[in-house]
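Read-outs throughout are calculated quantities, based only on the coordinates presented, and are distinct from any laboratory measurement. All figures in this text were calculated on a predicted structure; none of them were measured in a lab. Backbone-built Cβ (ideal geometry, glycine too); neighbour counts: all protein chains shown.
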Amino acid sequence: MTANAENGLADHGPVFIVGAGPSGLTAAYRLRAQGIPAVIFEKRDRTGGMIHTHREQGYLMEEGATILPSAYEPVVKLAHEIGSGPDLIPAGSIIGFARDNTIHNLRSDHLFLDVLKTPLVSLKSKALMARFGVDATRASKLLNYEDLSRASAFDTMTPREYCSLHLGLSGEVYDYVINSTVRGVLGVRGDAISNLELFFMLYNILGSKLYAFREGYSTYVDRLSEGMDIRLGATVQEIREDADGVRVTWTGADGVTHTESGAGAVITARGDTIPDLAPGHFAAASEAFLRSLRYTKCVVMNTGVTRKPKGIAASVINIPEPVDPDLMGFTCEHNKAPGRAPEGHGLLDILTMTEFAEQIIDEDDDTIRTQILRRMEKVIPGLSDTVDYTRIARWNEVIVYSRPGLYKELGQFQARQAAISSRIQLAGVFRSSSNMCTATVSGERAAAELVSQLRAPRRRFVAV
C-alpha cells in the first residue's frame with residue numbers, strides 16, 4: 001500500500017479519464033503511483049490514440065506517430081521509468097528536403113551546421129536566414145510543452161507573413177526551408193498557422209536525435225497501460241462536478257448506459273468537444289475558446305515496395321509545396337530502424353497535407369492509393385511499379401490547427417482556469433504545439449492537479 005493510500009486518497013473513489021491515448025494513460029499512470037485508482041473510457045476498440053503499430057506481410061508499420069525526438073525528454077524519461085528504455089533505438093537521424101529531383105540530407109542533431117553547408121538554398125539566402133535565427137533564439141526560453149501561451153508575444157503572424165516582412169526570406173528560404181519544415185512536421189501551410197509553431201518546432205522538435213521503438217510504438221503504449229482499468233468501446237456522454245466529486249454518464253460497447261460517481265475526472269478529448277462533455281462547467285469565454293479549436297486531418301499510406309528507393313539515406317523526407325502541394329512528406333521506415341520490411345524490400349509511410357486529406361478521406365482505398373502514388377511519382381519516379389503492399393489510415397483529428405492570436409487567447413483561458421478549484425481537469429494537446437510530448441506532459445500535469453485537489457479541503461466550484 002502506498003503512503004497516499006494509507007492517507008485515504010484512494011477512499012475518494014476512482015478518477016475517470018476520457019481517452020486512452022498518451023495523455024490519458026500518462027495521467028492514469030501518475031495517479032496510480034499516488035495510490036489513486038483510475039477508470040479510463042476509450043471510444044475506440046484499442047488504446048494508444050494516434051499511436052498504432054501494425055504487422056502484416058513482413059512489414060512493421062506505424063499508422064500514426066513514428067519517431068521519438070530526443071527533445072521529448074519527458075517521454076524518454078517515462079519510457080525508461082516503465083521499462084521501455086531498452087526498446088529505444090536510433091532512428092536514422094537524417095532529414096531530407098526535396099528540391100529539383102534531389103533530396104538534400106541534413107542531420108537532425110546537427111541541423112544548424114548542416115543548413116550552412118547544404119546546397120538546398122544559396123549562400124545569399126543562408127546569410128539572410130540570420131534574422132530568423134536571432135528571433136527564434138529570443139523566443140526559445142519561453143517555448144515549452146506545458147503552456148505555449150507564455151510565448152504569446154511572438155504569436156502575431158504566420159510564418160509566411162514573417163518571411164514576407166523580412167527581405168530575402170520570402171523566396172527559396174520560405175519555399176524550401178521554412179514552409180517545407182512547417183508542412184513536413186505539421187501537415188499545414190505556413191500561411192495559415194501561428195509563427196510561434198515554427199519557433200517551437202525548431203527548438204523543441206528538430207535539432208535533436210531521433211529514436212524509434214524496436215518493435216513499434218505500440219509496445220510503449222502496451223507497457224504504459226499494463227494493469228489499468230480500461231473500458232474500450234465506451235462513449236462518455238457527460239461529466240458533472242458535485243459536492244462529493246464527479247458523476248460520469250457513459251455507454252459501453254454493449255449499448256448499456258451507466259452513471260457512476262468518483263473522485264474526479266481528466267478529459268483528454270479534442271478541445272472543441274469538451275464543453276459538451278462537461279455541460280455548464282465553463283464560463284462563456286472559456287467555452288467559446290474551447291469550441292474555437294480546430295484540428296487537422298491526415299491520410300497515412302503505409303507503402304511496401306519490392307526494392308528500396310535508390311539514393312535516399314534519410315529516414316524523414318519533407319516535400320516542399322513547389323514539388324507537390326498535397327503531400328507533406330514521407331518516412332523511409334527501412335532507413336529508420338531494422339526489421340521494418342522483408343529482406344531487400346522497403347517501407348514508406350506517406351502523409352498528406354490536411355487540405356488534401358479533407359478532399360480524399362472518405363474515398364475508397366483504391367482511389368486514395370492512386371491519388372497518392374500519382375503525386376509520389378514527382379518525388380520518386382517509378383515508385384508505383386515497385387509497390388507490393390499498401391495500408392491506409394484515416395485520421396480525422398491530428399493536431400490543433402493554430403492561427404495567429406490563438407496562444408494569446410490560450411493565456412487568457414489558462415488564467416481563468418488557474419483562478420478556480422475543480423475536480424475536472426483538462427489534458428490533451430491544446431495547451432502547446434500538438435505532439436506526443438505535449439500530450440504526455442498535460443497528462444502528468446492533470447494528475448498532479450487532481451492529487452492536489454484531493455488533498456485539499458473541498459471548496460465550492462464555479463463555472464470557469
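Here are the numbers for the structure shown:
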read-out: Rounded Å value of the spacing that divides the Cα centres of region 268-317 and region 38-96; value: 16
read-out: Size of electric dipole in region 51-208: Cβ of Lys, Arg +1 and of Asp, Glu -1, about Cα centre, debye, nearest 20; value: 580
read-out: Local electrostatic count, N302, Cβ distance below 14 Å [Lys/Arg +1, Asp/Glu -1]; value: -1
read-out: Diffusion coefficient, µm² s⁻¹, Stokes-Einstein with Kirkwood Rh over alpha-carbon pairs of region 298-339 at 25 °C and 0.890 mPa s; value: 211
read-out: Normalised per residue, the volume of the convex hull around the Cα set of region 222-362 (Å³); value: 198
read-out: Projected label distance in nm at S122 and S140, using a 7 Å step from Cα toward the beta-carbon; value: 2.8
read-out: Kirkwood-based Rg to Rh ratio, region 391-464, C-alpha trace; value: 1.06
read-out: Global form of region 356-403, assessed from the alpha-carbon gyration tensor, a/c cut-off 1.5; value: prolate
read-out: Where trypsin sites (Lys or Arg not before Pro) fall in DSSP loop in region 45-77, at most 14 other Cβ within 10 Å; value: R46
read-out: Within region 251-334: Cβ-based charge dipole about Cα centre, in debye rounded to nearest 20 (Lys, Arg +1; Asp, Glu -1); value: 420
read-out: Kirkwood-based shape ratio for region 1-144, expressed as Rg/Rh from alpha carbons; value: 1.11
read-out: Alpha-carbon radius of gyration plus Dmax, which is the widest Cα pair, for region 173-258 in Å; value: 21.0, 57
read-out: Equivalent ellipsoid dimensions for region 112-243 as semi-axes, Å, which come from the Cα gyration tensor, largest first; value: 37, 21, 14
read-out: Cβ-defined net charge surrounding H54, 13 Å radius [Lys, Arg +1; Asp, Glu -1]; value: -2
read-out: Globularity ratio of region 213-260, using Cα Rg and 2.2 N^0.38 Å; value: 1.59
read-out: Most positive-pole-ward Cα, I372, Y389, H104, against dipole of the chain from beta carbon charges; value: H104
read-out: Farthest toward positive dipole pole in the chain [+1 Lys/Arg, -1 Asp/Glu at C-beta], among A419, A153, P309; value: A153
read-out: Lysine pairs with alpha-carbon atoms under 21 Å apart, the chain, spacing 8 or more or separate chains; value: 11
read-out: At most 15 other Cβ within 10 Å, DSSP loop - trypsin sites (Lys or Arg not before Pro), region 85-194; value: K141
read-out: Excluding exposed DSSP-loop GluC sites (Glu not before Pro) (at most 16 other C-beta within 10 Å), longest clean stretch of the chain; value: 1-145
read-out: Pairwise Cα inverse-distance average, inverted: Kirkwood Rh of region 345-439 (Å); value: 17.0
read-out: Selected from I51, Y295, L169, residue furthest toward positive end of dipole (the chain; charges at beta carbon); value: L169
read-out: Pairs of alpha carbons in region 71-181 whose separation is greater than 20 Å (percent); value: 55
read-out: Helical mean residue ellipticity (222 nm; -39500 (n - 2.57) per DSSP H run of 4+; nearest 500) of the chain; value: -9000 deg cm²/dmol
read-out: Descending principal axes extents, the chain, alpha-carbon based, whole Å; value: 65, 50, 40
read-out: Cα-centre dipole for the chain with unit charges at Cβ (Lys and Arg positive, Asp and Glu negative), debye to 20; value: 1220
read-out: For region 355-391 and region 106-130, distance of Cα centres in Å; value: 31
